[in-house]
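One structure is given here, and the rest of the page talks about it.
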Amino acid sequence: MLTQKSIKAPNSLLLAMVIAITLLSVFSSVYAQSPWPEKMKNPKVLSKSTTTNELRATMRGFSRALGVNCVHCHVAENRRDFSTYDFASDANQNKVSARTMMRMVGEINEKQLTKLADHQTSSLSVNCMTCHQGKEKPTTLEQELNAVIETDGVAAAIEKYRELRTNYYGGSSYNFSENTLNGLGYQLLGKEQFDDAIAIFKLNVEMNPASGNPYDSLADGYMQAGKNWLAFINYSKSLELNPRNKNAEKMLNKLKGVLNSE
Ligand code: HEC
Ligand code: HEC
């Protein structure tokens with residue numbers, strides 16, 4: 001009869017061997033798949049003497065700054081398999097554009113910023129993240145929404161806002177503070193797109209229900225659209241949340257007169 005001890009010993013030896021073989025094969029396959037060459041084959045901006053570590057840091061930096069994977073700029077048969085990438089190829093237009101960006105960043109840092117009087121004492125420089133903030137193109141939330149309003153209307157823009165908020169809230173890619181929607185609403189109001197402005201101000205109230213200013217802006221929208229009762233209600237709400245809102249106080253007094261005579 002086998003005792004527990006006598007099976008345990010050979011088993012743990014076997015286990016150790018299995019682990020060793022597995023580790024070895026994992027390491028060797030990772031090594032074989034490693035995209036990082038000793039020397040770059042096709043450097044046009046980076047220096048020929050760029051080391052593997054520098055190249056790795058640069059490429060990971062690009063990916064992070066744009067919020068993309070390697071395949072955004074490099075051609076591959078299978079995006080998940082490094083051995084199918086041709087990193088030296090220039091067939092991907094984004095790689096070519098990225099070189100233009102690298103030259104632009106170099107020009108800003110080396111030729112322009114160095115002209116500033118206090119630059120010698122400053123350690124500031126521009127990099128991909130400065131503008132891109134985790135996005136393929138460095139758009140602002142306001143630009144994204146404006147573009148959708150122009151092509152598909154305000155309802156689609158509100159959908160877009162919700163989608164972006166779900167995906168990006170908490171990161172640095174877009175400014176989800178109440179100021180963005182507030183500014184966008186006033187832009188629309190300035191163009192006399194009253195319904196669009198009101199829809200955006202309403203969204204801002206929904207997103208910031210405890211803040212006084214979005215109600216004040218919504219009230220401004222209703223007021224300009226001639227909807228005095230709705231303006232009155234929202235100025236009141238704003239004043240309730242922020243008793244120091246002088247504008248709401250002033251507008252409420254004005255509206256009382258108007259509503260009484262209506
Ligand atoms: C935003 C675009 C962009 C992204 C994302 C990007 N690369 Fe690159 N990559 C470039 C550019 C541009 C070059 C060429 C630079 C030059 O010409 O000096 C390059 C060069 C390389 C090279 C050297 C090719 C040669 O000439 O031998 C390797 C390897 C490489 N990238 C790997 C990666 C890996 C791995 C990733 C993902 C972690 C990645 N890259 C992500 C733009 C990008
Ligand atoms: C000063 C701001 C700024 C900096 C810094 C910057 N970019 Fe850009 N980048 C832009 C703008 C703006 C666009 C969009 C241009 C357009 O669409 O006409 C863009 C577009 C791109 C595109 C093309 C996207 C497309 O879909 O056509 C790539 C790739 C890119 N940048 C990579 C980089 C990389 C890599 C870096 C760092 C080396 C970088 N950018 C640094 C502003 C910047």
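A few notes on this one:
- Single residue of Thr58, Thr100, Thr114 found to be within 15 Å of ligand 2 (Cβ to nearest atom) and either loosely packed, with under 13 Cβ neighbours inside 10 Å or outside any helix (DSSP H, G or I) (or both): Thr100
- Among the residues listed as Gly106, Gly190, the single one being more than 14 Å from ligand 2 (Cβ to nearest atom) and modelled with pLDDT of 95 or more: Gly190
- Positions within the stretch 117-160 being hydroxyl-bearing (Ser, Thr, Tyr) and surrounded by 12 or more Cβ atoms within 10 Å (Cβ to Cβ), in sequence order: Ser125, Thr130, Thr139, Thr140
- Just one of the listed residues (Lys256, Lys237, Lys202) is surrounded by fewer than 15 Cβ atoms within 10 Å (Cβ to Cβ), basic (Lys, Arg) and assigned to a helix (DSSP H, G or I), and it is Lys256.
- Val96 vs. criteria within 14 Å of ligand 1 (Cβ to nearest atom), closer than 25 Å to Leu66 by Cβ and either within 21 Å of the chain's Cα centre (by Cα) or modelled with pLDDT of 95 or more (or both): yes
The values are calculated or read from the model by the stated rules, or taken from the named source; none is laboratory data. Please read these numbers as outputs of a predicted model, since none were measured by experiment. Every residue, glycine among them, receives a Cβ derived from its backbone with ideal geometry; neighbour counts consider all protein chains shown.
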